[in-house]
Amino acid sequence: MLNPQELIAQTLIINSGDIEAKRDEIKAYFNQTYDSYETLFETLKSDSAFYERPCSLRHPLIFYFGHTATFFTNKLVLAKLLPGRINPHIESMCAIGVDEMSWDDLDETNYDWPSADDVRTYRQQVREAVNELIDKIEFTLPINWQSPMWPILMGIEHERIHLETSSVLIRQLPITSVQTHPLFPTCPSHGNAPANYLAEVPAGEININHTDPSEVYGWDNEYGHHQATVKGFKSAAFLVSNQEYLAFVEDGGYEKPEYWDEEGDNWRKFSPLKHPTFWVKKNHTPQGSIKAWYLRCMTEEIPMPWNWPVEVNQLEAHAFCVWKAQKTGTPIRLPSEDEYLRLREHSQALNFKQQANWNLQKYASSTPIDENKTGDFYDVLGNVWQWTATPLYPYEGFKVHPLYDDFTMPTFDNKHNIFTGGSWISTGNEINGHSRYAFRRHFFQHAGFRYIESDADVQTKFSTYETDKSVSQYCEFHYGDDYFGMENFAKKYAEIAINAIKQDADFSNTADLSVLEVGCSVGRASFELAKYFNRVTGLDFSARFIQIANQLQQNGSIRYSIPIEGEIMDFKSKALTDLGLIETASRCQFIQQDAANLKPHITGFDMVLASNLIERLYDPAKFLKDINERINPKGLLIMVSDYSWQQEYTDKDKWIGGYKDSLSGENVTSIEGLHAILDEHFECISTMPSIPSVFRVTSRNFTLNDSEVTIWKKRT
């Protein structure tokens with residue numbers, strides 16, 4: 001068993017040192033992380049607790065128990081450091097689906113969760129594989145984004161994030177499902193809260209210039225350049241305590257819509273509770289004659305510690321500030337991210353990290369708000385995260401890491417607000433001084449807030465122009481102009497698919513058919529298909545592409561920038577209305593999925609389309625062998641491919657064509673490879689003329705492609 005000190009993580013320096021010593025440090029850091037995460041789940045009373053839903057918006061804990069190990073496997077396979085998957089079933093169930101989209105959109109009906117023992121076995125297999133990789137990977141210092149050691153660090157820091165988020169879910173389980181644990185003690189100190197007061201924070205500059213390589217591991221949103229001038233303001237000395245927040249509750253704050261913005265009021269109406277989620281009102285005496293407040297901690301309920309920080313979501317924090325501003329007649333609000341950074345610098349809080357209640361170096365709970373002082377302020381770091389008024393946005397120079405394109409990009413939507421400072425269980429990257437984390441405003445974490453007094457304007461909306469080069473190019477490819485007289489590629493192959501099924505005698509009513517597009521990119525063909533089919537599902541591995549498709553479906557339009565030449569950009573806006581696609585867009589569903597490892601419930605389709613997909617898969621044969629399980633008898637499979645095999649995407653021994661046979665020396669074409677795999681379950685009923693397409697790079701640089709179309713009918 002671990003001892004409490006072994007839960008504390010020392011920041012891993014990755015830009016200096018001896019190679020072999022650094023290898024040992026990384027290995028120790030990995031195993032400590034893995035041990036800590038598994039130890040956290042010892043707070044569950046039995047394995048049955050793995051399958052309870054902590055709340056309606058989250059998966060049961062078995063998903064998260066398997067998810068972090070699955071993440072290692074996925075990223076290491078993608079980086080070509082592992083030769084293949086370890087347990088495809090667990091990896092298909094536990095790969096995707098961490099962040100809910102709305103209050104009530106999580107559908108659990110299609111999940112056949114693995115047993116807890118199966119996941120434990122899987123985790124051990126992943127542990128052994130990662131340890132072996134750490135032992136043998138050749139790397140140099142500094143460790144940067146291109147280093148083969150980077151995916152290992154990515155997996156470690158990802159698991160440390162889930163150490164915290166899983167502790168929140170455990171905290172939301174019924175108290176009868178959890179048990180105390182000696183490595184996760186609750187702070188015994190509590191009493192009445194000191195009166196909060198405001199202290200001055202003078203004006204100052206924010207200057208961020210964070211580049212790769214860095215001294216410590218970082219997520220993509222941390223890198224770039226940012227400068228700002230922050231006006232002077234007054235800040236609450238303390239985090240808002242349970243006692244200070246009680247006044248808002250007792251004044252009917254949860255009953256009065258005037259304190260809540262539109263989003264907050266919708267959530268207020270949805271939530272059955274009229275107080276913070278972790279507050280519990282229960283009988284104070286055995287006779288039940290007196291009601292008293294208790295606080296739900298991770299593994300126990302204790303009499304309300306009024307001098308601990310209150311824990312609420314961002315919507316509640318904002319409503320409190322509106323209420324307090326009205327009561328005091330002063331401009332009270334949440335700080336911006338820049339104002340928090342100015343407070344942190346002014347208080348010199350980063351010089352007092354060892355005092356902070358974080359990194360599990362004190363308790364597995366909050367502590368009194370007046371214990372950790374830096375300058376005129378308390379808990380600038382640690383205890384609970386602190387909500388800000390700032391939605392997450394990219395710094396200038398932001399780039400997406402190719403191994404984890406959906407860490408930040410889906411959150412640049414003005415719906416995820418930044419919180420800062422860290423909590424009692426924040427470790428690793430979360431507390432290195434550079435980190436930037438954001439969650440949906442209704443999200444619950446170990447998070448509270450402090451308020452400031454300022455009449456300065458706060459930016460709460462940022463441009464959502466898509467600026468990522470790859471995504472913008474595909475937006476133009478799908479929705480932009482036609483070039484050199486060539487018809488839109490996605491529209492063309494959607495028309496071919498529609499005509500194919502219309503001409504098939506086995507299908508008389510297209511409206512009743514279910515269609516799947518695998519590799520849907522940013523969604524144009526799926527929207528075209530929805531004009532004729534009532535049920536269209538689009539899948540893509542890239543969360544960025546799926547985000548664009550969902551944005552189009554929800555808002556009807558997108559904005560993106562494409563290069564004219566060099567740094568000169570053209571900004572474009574496209575709407576589904578202009579393309580005649582808006583009326584039927586609701587028939588589409590867009591989901592992020594790995595085409596070579598689809599979840600079991602993705603099945604029962606009358607037609608499947610795959611356009612220029614197999615050449616981008618790490619295991620195209622597995623996709624082709626499994627796709628028959630997704631298609632109904634007599635259903636159609638339409639393959640559109642340019643057969644541009646590249647080792648960048650697919651190891652050469654995984655190509656299904658475009659190579660010379662090692663025994664005969666004869667050429668093996670891709671169409672021969674398709675027949676070799678598909679003929680068992682399908683009959684090729686048509687090979688159609690190729691579809692040409694033009695892919696715009698800049699205003700004077702275009703790529704011409706030619707994709708063959710084959711239509712296959714599933715045998716009965």
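The values are calculated or read from the model by the stated rules, or taken from the named source; none is laboratory data. Here the structure is a predicted model, which means the values were calculated and not measured. As a convention, Cβ positions derive from the backbone with ideal geometry for all residues, glycine included, and neighbour counts pool all protein chains shown.
Condition first: out of contact with any Asp or Glu (no Cβ under 9 Å at 6 or more places or on another chain) and of a type in the set (G, A, S). Can you find one or more residues in region 125-143 that meet it? Checked against the condition, which is being out of contact with any Asp or Glu (no Cβ under 9 Å at 6 or more places or on another chain) and of a type in the set (G, A, S), region 125-143 yields at least one hit.
Residue count for region 680-702 satisfying the condition of being outside any strand (DSSP E or B) and surrounded by 14 or more Cβ atoms within 10 Å (Cβ to Cβ): 1. Could you list all residues from region 411-431 that are free of Cβ contacts under 8 Å to residues at least 60 places away in the same chain and on the phi > 0 side of the Ramachandran plot? Within region 411-431, N414 is the sole residue that qualifies. Based on this model, can you work out whether R587 counts as assigned by TED's automatic domain parsing to the domain that holds H681 and more than 21 Å from Q547 (Cβ to Cβ)? Here the answer is no, as R587 does not meet what is asked.
Yes/no matrix, rows are residues, columns are (1) within 30 Å of Y404 (Cβ to Cβ); (2) within 22 Å of the chain's Cα centre (by Cα):
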position: P151; (1), (2): yes, yes
position: H158; (1), (2): yes, yes
position: G191; (1), (2): no, no
position: A195; (1), (2): no, no
position: N209; (1), (2): yes, no
position: K231; (1), (2): no, no
position: G252; (1), (2): no, no
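Scanning region 629-648 for residues that are of a type outside the set (A, V, I, L, M, F, W, C), surrounded by 15 or more Cβ atoms within 10 Å (Cβ to Cβ) and touching a helix residue (DSSP H, G or I) at 6+ places or on another chain (Cβ under 8 Å) yields S641, D642, Y643. All conditions but one from (1) among the polar types (S, T, N, Q); (2) free of Cβ contacts under 8 Å to residues at least 12 places away in the same chain; (3) under 21 Å from V310 (Cβ atoms) apply to Q354; the one that does not is (3).
The condition of being modelled with pLDDT of 95 or more and surrounded by fewer than 22 Cβ atoms within 10 Å (Cβ to Cβ) holds for only one of E339, E345, that being E345. Does P331 count as surrounded by fewer than 17 Cβ atoms within 10 Å (Cβ to Cβ) and not small (G, A, S)? Yes. Applying the criterion of being in contact (Cβ under 8 Å) with a residue 40 or more places away in the chain and of a type in the set (D, E, K, R) to the residues of region 201-216, the residue that is nearest to Y395 (Cα to Cα) is D212. Would you say Y217 is more than 25 Å from G448 (Cβ to Cβ), of a type outside the set (D, E, K, R) and touching a Gly at 6+ places or on another chain (Cβ under 9 Å)? In short, yes.
In region 481-518, the residue that is nearest to D606 (Cα to Cα) out of those that are of a type in the set (G, A, S) and crowded, with 23+ Cβ neighbours inside 10 Å is A497. Within region 281-304, if we keep just the residues that are under 18 Å from P174 (Cβ atoms) and in contact with a strand residue (DSSP E or B) (Cβ under 6 Å, 6 or more places away or on another chain), the residue that is modelled with the lowest pLDDT turns out to be K282. Going residue by residue through region 305-314, is there one that turns out to be surrounded by fewer than 21 Cβ atoms within 10 Å (Cβ to Cβ) and assigned by TED's automatic domain parsing to the domain that holds A203? There is at least one residue in region 305-314 that is surrounded by fewer than 21 Cβ atoms within 10 Å (Cβ to Cβ) and assigned by TED's automatic domain parsing to the domain that holds A203.
Just a yes or no: is a residue in region 404-425 over 28 Å from D35 (Cα atoms) and of a type in the set (A, V, I, L, M)? Yes - at least one qualifying residue is present in region 404-425. Among the helices (runs of 4 or more DSSP H) confined to region 462-530, the ones with at least 2 residues that are of a type in the set (F, W, Y), modelled with pLDDT of 90 or more and assigned by TED's automatic domain parsing to the domain that holds F605 are located at 469-479, 489-502.
Rundown of residues vs (1) closer than 30 Å to I564 by Cβ; (2) surrounded by fewer than 23 Cβ atoms within 10 Å (Cβ to Cβ); (3) not assigned by TED's automatic domain parsing to the domain that holds D261, yes/no style:
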residue	(1), (2), (3)
V384	no, no, no
G397	yes, yes, no
H416	no, yes, no
G428	no, no, no
I431	no, yes, no
R440	no, yes, no
A447	no, no, no
V458	no, yes, yes
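In the condition set (1) assigned to a helix (DSSP H, G or I); (2) charged (D, E, K, R); (3) surrounded by fewer than 20 Cβ atoms within 10 Å (Cβ to Cβ), E91 is compliant with all but (3).
All told, Q314 falls short of being free of Cβ contacts under 8 Å to residues at least 60 places away in the same chain and over 24 Å from T180 (Cβ atoms).
Of all residues in region 549-573, which are in contact with a Gly (Cβ under 7 Å, 6 or more places away or on another chain) and either exposed (fewer than 13 other Cβ atoms within 10 Å of the Cβ) or under 24 Å from R616 (Cβ atoms) (or both)? Within region 549-573, A549, L552 meet the criteria.
Matching residues to (1) in contact with a His (Cβ under 9 Å, 6 or more places away or on another chain); (2) among the hydroxyl-bearing types (S, T, Y); (3) surrounded by 15 or more Cβ atoms within 10 Å (Cβ to Cβ); (4) over 30 Å from M154 (Cβ atoms):
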{"site": "H181", "(1), (2), (3), (4)": "no, no, yes, no"}
{"site": "L198", "(1), (2), (3), (4)": "no, no, yes, yes"}
{"site": "G204", "(1), (2), (3), (4)": "yes, no, yes, yes"}
{"site": "G232", "(1), (2), (3), (4)": "no, no, no, yes"}
{"site": "A237", "(1), (2), (3), (4)": "no, no, yes, yes"}
{"site": "E244", "(1), (2), (3), (4)": "no, no, yes, yes"}
{"site": "D265", "(1), (2), (3), (4)": "no, no, yes, yes"}
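Whether a residue is over 15 Å from A389 (Cα atoms), in the same structural domain as T390 (by TED's automatic domain parsing) and of a type outside the set (S, T, N, Q) was assessed, and D370 passes this test. For region 348-367, taking the residues that are hydrophobic (A, V, I, L, M, F, W, C) and buried (at least 19 other Cβ atoms within 10 Å of the Cβ), the one that is farthest from P185 (Cα to Cα) is identified as A349. Of the residues making up region 649-676, those that are buried (at least 19 other Cβ atoms within 10 Å of the Cβ) and in a helix (DSSP H, G or I) number 3. In region 387-410, is there at least one residue being in contact with a strand residue (DSSP E or B) (Cβ under 8 Å, 6 or more places away or on another chain) and free of Cβ contacts under 8 Å to residues at least 40 places away in the same chain? Checked region 387-410: no residue is in contact with a strand residue (DSSP E or B) (Cβ under 8 Å, 6 or more places away or on another chain) and free of Cβ contacts under 8 Å to residues at least 40 places away in the same chain. Only one of (1) crowded, with 21+ Cβ neighbours inside 10 Å; (2) touching a Pro at 6+ places or on another chain (Cβ under 7 Å) is not met by A610, so which one is it? The failed condition is (2). Among the residues of region 204-263, those that are outside any loop (DSSP other than H, G, I, E, B), under 22 Å from V458 (Cα atoms) and aliphatic (A, V, I, L, M) comprise I206, I208, A228, V230, A236.
Determine which member of the set D379, D370 is buried (at least 24 other Cβ atoms within 10 Å of the Cβ), charged (D, E, K, R), touching a residue at least 24 places away in the same chain (Cβ under 8 Å) and more than 27 Å from N550 (Cα to Cα).
None of the others qualify; the one that does is D379.
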